[in-house]
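Novice: Below: one structure in structure tokens.
What follows draws every value from the coordinates through simple rules; no lab data is involved. Being a predicted model, the structure only gives us computed values, none of them experimental.
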Amino acid sequence: MTAGPEPSGQEAAERTARALAETVRRLRAAAARARAEARTRAAVDLATGILAERLRLPVAEAAAHLARLARESGVPVLALAADIAGLPEPGPPPGGGTGPEGGSRTSRTPRASCAASWTRWRPAASSP
């Protein structure tokens, strides 16, 4: 029982090289996604901390407040978080790929109008 002619050494090496190149491509893409997710998480965490401190809220309430502000303002949470934290506008990760940031933003109008007044969106005080 033979499965056919054995591949030459060069054919086997080329197949191995292609498989390795595909593995490297997948790993690079996974690393880029992980870096983008880390940048996103850092910006949101920083903005949550700023809101918690300035509005004197527990962190969980500040996170919910950030999400609510973004939803009501019609901007992505990351864009609002970057504005609150004074970070550069979100865009594609270095090297050109796309990530969870949702691509490059060219207009600051929605962010400026909502972030300029985020401190006045104070949640109602809870009664003891």
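Novice: HN-Hα J couplings of region 60-74 from phi, Karplus 6.51/-1.76/1.60, θ = phi - 60°, integer Hz, Gly and Pro as x?
Specialist: Karplus values, whole Hz, x for Gly and Pro: 4, 5, 5, 5, 5, 5, 4, 4, 5, 4, 5, 4, 5, 8, x.
Novice: Please compute the length gained on full extension between residue 68 and residue 19, using 0.36 nm multiplied by the number of residues separating them and subtracting their Cα-Cα distance. It would help to have the intermediate numbers written out before the result.
Specialist: Numbers: separation 49, 0.36 × 49 = 17.64 nm, distance 4.59 nm.
Extra length from residue 68 to residue 19 when fully extended: 13.1 nm.
Novice: Now for a separate question. Work out, step by step, the length gained on full extension between residue 45 and residue 11: first 0.36 nm times the residue separation, then minus their alpha carbon distance; give nm to one decimal.
Specialist: On the way: separation 34, 0.36 × 34 = 12.24 nm, distance 5.07 nm.
My answer for the length gained is 7.2 nm.
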